[in-house]
Structures are given as structure tokens and as C-alpha cells.
Ligand code: ADP
């Protein structure tokens, strides 16, 4: 009995007492009135409760409906997010059943039938299947590098726990092929650079040791050695200068000091610095500037680029003319440097832009080359958004063609 009914009962008893005591009303009449009143109140109260319950139920239903649709939306969003993740991902439950995997994971599967998958039967490539097995059996975080179809992946398994108990694991794979390639290229570069630096240092060290001997007394050899030491020191300087230049160009945040320039002025500037050397070798220059349009380039780097190409044309030619042209082709500014020198085989044409690659090591060394001239050229052009390629015939000559975008 609630408070409201109790207070009504007390009030009715009070009125009945007053009716009986003061007005001498028939007790049967009072009982009859009381029964009618409480009967009506009971029925009416029941209806009211039912009405309230109906409202409450409706509100509850609406709340359930809205939280169900909310949960459904969240579930869909989560699935969309997982399936669009750019790396393969899979979820195993506490029984080792595959409960979820995304589209990227399909690349690891041999077949795509719809049967239930688990940590043993999953139709995956061998390395992946083995990793899934370990991930489920060991119930601990595993981080491993694996190779699948010539690609390297960082495989990571993270156990999922509910109330401290293992309830499955999330397994994901990150493609680290490019990073690995970069790492091995860097290692190779360090090994090559060390080797390049070691050679002149060993020569200098050996000669200094001989010159320092107490019994050494040969003036002719001494002059020869000092000349050789000077040459090797210059070589070291060139290698270190080019290494620094290349490392600056390889930075992701390289900032070019671009300005609008008539590129023919850069070519002329570079040709001027090589006129004496070319003459000494009996070579001549021929320029054909079909355009004097301005290009938006870094002046200092453009001079380095032209210096490297012109000095190579001189280094690898014993006779003939070096032709330089500028022209406009399909909205591009094109520069060609053509020599009539030793030329290159097709195989070498594909490799000469690699660091420290030299066709004729002795000739490169003799002319003070670092083996980094063309990689520097390529980096400078690519930093400007342009490209370079080479055409050559062995014994006839080589042409380097540069394309700059306006
Ligand atoms: P290097 O310091 O040896 O000249 P580069 O990177 O400038 O290094 O050039 C790499 C190699 O490409 C050279 O060693 C040479 O064999 C070849 N090469 C470059 N330019 C020419 C050219 N104009 N003609 C023939 N071979 C060339």
C-alpha cells in the first residue's frame, strides 16, 4: 500500500467516525460508501498504473531502439575502418577461430572459400599460417619480420584479455619492404664510401711510411711520391665534397633557392670554366641555343649539374666536339649535352646513375672522379621535378638529355 492510499484510508475512517458519532448515519450506508469509493479508486489506480507503465515501456523501447541503432552504426563504422586499413589485420577469438579479417589480409590467402577459418585451417601462405599458430598458442605479444612474395612485413600479434583471461589476439602486418630496401642501400652506400675513402688513405699512408724511413734517400722517388700524395689528397677532397653534396641533396626537407634564370647563362658560365681543359685535350664546344626562355631553378645547383656533365664529356672523350643545345619541347625546357667520346654499352647506360658505379675505373680515378658525379646530377634534376636520361653508342659518343618543367 502506497502513501497516497494510506492517507486516503485514514481520511475516510475519520469521516466515517464523524458521520457515526455526530450525525447518526447508518453504519451500513457508510460501509457501502467506503466499498464503492475504494473499489472505484482501486480500479482507477490500476488503470493509471497501466497507463504509466505503457508510457515508461514506450520510452524504454525508444531508448533501446536508439542505442541499438547507435551500436549498429558504431559496429558498421568499425568494420569499414578495419576493412579499409591499408595493412592486413586479423582477429582470433579465445578458441583460435578467425572472427574478423580485412580486405588487405586477402593477399595472404591462397583460396577464398567461405568456410570458417581458424588458427590451423586458414588457407594462408606458409609464413603467415605459422605466425598465426604462434600468435594463438603462445598467448603473448610477438613481433617478427617475415617475408612473403618478395615483400618484407613486420608481423605483430597482440593478445586481448578480458578480466585478466586470454580471450584472443589481434594480428597485424605492416609492409616494411621500402624501409628495408632503404636500410640495405644505406648500408651498401656506407660500405662503398668507406672503401672509396680507404683506397687513397692507404696509398698516402704507405708512401709516407716509405718517405719516413731512416734509410730512405732517393730524391727522384721522393718527388714522385709527393706528387702522388698530392693527387690522392685531392681525390679524398673530391670524394668528401661529393659525399656531403649528395647527403645534402638526399634530405627530405631540401630547400631549393629557386630563381627565374636564362639557363643558357648557366651553360656559358660552366663552359667558361672548362675551356682550358677542353683545349688541352683538343676538344671543342658547339652551342645551339634554340630557346632563351627562363627556367625556375636553383642557380648554384644548376652550375654544379652542368659542371658535372661537361666535365664528364671532357673526361670521357679523346677527340671531337661537345655539342650543347637548349630547346622547348611540349612545354618543357630541354637541354642536351652530346659528346663524341668513348660511349657506353646499353647495360652501362642503365647503371651509370648508381652511386660509385664506374665503367672504366682506372680512367675515372686518373681523371679525379669520385663516382658520384652523375648521382648528384640526377638528384639535382629530380629535386627540381625534372628528369634525365642517357643515349649512347659504344665508341661513338654519349648524349645526356635533361627535361625541366616550366
Ligand atoms: P666519375 O667520377 O667516375 O666520372 P660519374 O658519376 O660522373 O663518376 O660517372 C659514372 C660513370 O659513368 C663514369 O665512371 C663513366 O664510366 C660513365 N660516364 C659518365 N659520363 C660519361 C660520358 N660522357 N661518356 C662515357 N661515359 C661516361
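Laboratory data are not the source of any read-out in this text; all were calculated from the coordinates shown. Since the model is a prediction, treat every value here as computed from it, not as a measurement. Reconstructed Cβ throughout: ideal geometry from the backbone, glycine too, with neighbour counts over all protein chains shown.
Shape class of the stretch 316-382 from the Cα gyration tensor (axes a ≥ b ≥ c, square roots of the eigenvalues): oblate, since a/c reaches 1.5 or more and a/b does not exceed b/c. With neighbours defined as other Cβ atoms within 10 Å of a residue's Cβ, the residues 184, 157, 104 order from fewest to most as 184, 104, 157. The ranking of 124, 36 from fewest to most other beta carbons within 10 Å of each one's beta carbon is 36, 124. Does anyone have the angle between helix 27-83 and the longest principal axis of the chain? Alpha-carbon axes, 0 to 90°, nearest 10? Here the helix axis deviates by roughly 10 degrees.
Cα gyration tensor of the stretch 231-330, axes a ≥ b ≥ c as square roots of the eigenvalues: rounded (a/c below 1.5), prolate (a/b > b/c) or oblate?
oblate
What is the Cα centroid distance between the stretch 266-327 and the stretch 152-177, reported in whole angstrom? Here the answer is 58 Å between Cα centres.
Sorting 246, 90, 79 on the 10 Å Cβ count, fewest up front, what's the list? Don't skip to the answer; put the middle values down first.
Numbers: 246 17, 90 26, 79 12.
So the residues, fewest neighbours to most, are 79, 246, 90.
So, R0 is 35 Å and r is the distance between the beta-carbons of residue 183 and residue 238; what FRET efficiency does that work out to, to 0.05? Efficiency, from the Cβ-Cβ distance: 0.80.
If I fit a long axis through the Cα atoms of helix 373-383 and take the longest principal axis of the Cα atoms of the chain, what angle between them do I get, 0 to 90°, rounded to 10? It works out to around 40 degrees.
Relative to the longest principal axis of the Cα atoms of the chain, helix 219-250 runs at roughly 30 degrees. The equivalent ellipsoid of the chain has semi-axes of 91, 30, 22 Å, largest first, where each one is the square root of 5 times an eigenvalue of the Cα gyration tensor. I want the antiparallel fraction of DSSP beta bridges within the chain, as a percent rounded to 5. Bridges in the chain that DSSP calls antiparallel: roughly 90 percent.
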